[in-house]
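Structure first, then comments.
FYI, it's all coordinate maths here, none of it is from the lab. These numbers were taken from a predicted model, which means no experiment stands behind them. Here the Cβ positions follow ideal geometry from the backbone for every residue, glycine too, while neighbour counts run over all protein chains shown.
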Amino acid sequence: MRGGTVVALSGAAFFLAGCAEPSLTRAMKQKYEMDLLRPASAIYIPGTLARVRVVSRGSDRNARVVSLSRFCRPGGALPLASITPSPTEVLNITYNVSADSSAKAELEAIAGIELSSEVVDKVDISLKNTKIYRPDDLQLKAAVSAIRRSGCSTSGRSLVTAVLQADVDVKTTFKIGGKVSASQKQAIGRVVSASFGANITSESGETSTGTGLFYGIEVDEGGR
């Protein structure tokens, strides 16, 4: 089951040690060979079969952005708790919306909305408590067998072989003097945060958090 296509699947004080990356897709590609899952989710545990839709094909430097749907889960055949996780490094991402057009474009693709550089200055993402769950081939085979016995169709679905799980902090910084109301800021912050699986934790809409979500997913698209 190895060797399949790899798919991954989002205040300043929360940032931990390490330099900020300019792009989450670039960090996923270069550090993990995983692509970004949109939206971040805790649904697609390893051993799950799901339909894969490519949102962005990526490049040699940047990972794909994908979404998954119509899934079959392995249930008790492969619970997440039965897989020993491998802790990995914290990821800090800074999207300089007002200064970097490529960062702005990626953030808009992830959030699904247009972000004015006259309103949003930057968005900082911190993925912490990061760990990779990667079961062995025997565990994955048992998961697929259990799904088949359950009667859930495997046709057209790909196997999730590994995930990158993390907690997330998101901070949206708005341009000083920008002509936007407090309610508009909160609405923008809510949409940006939700695209990374985070919930607003401040009245201004600037900061948000999320817990235990999958941002990177590896799938074997070789067919079942």
Translational D in µm²/s for the chain (Stokes-Einstein at 4 °C, 1.567 mPa s, Kirkwood Rh from C-alpha pairs): 73 µm²/s
Length added when fully stretched, Glu114-Ala182, from 0.36 nm per residue minus Cα-Cα: 22.7 nm
Stretchable slack from Arg61 to Ile43, in nm (0.36 nm times residue separation minus alpha-carbon distance): 3.7 nm
Spin-label model distance (nm) - Arg51 vs Val90, 7 Å beyond Cα toward Cβ: 4.0 nm
Kirkwood Rh in Å, taken over all unlike Cα pairs in the range 73-152: 16.0 Å
Segment Thr211-Ser102, extension gain: residue separation times 0.36 nm, minus the distance between their alpha carbons: 36.5 nm
Net charge dipole size for the chain [Lys, Arg +1 and Asp, Glu -1 on Cβ; Debye, nearest 20]: 780 debye
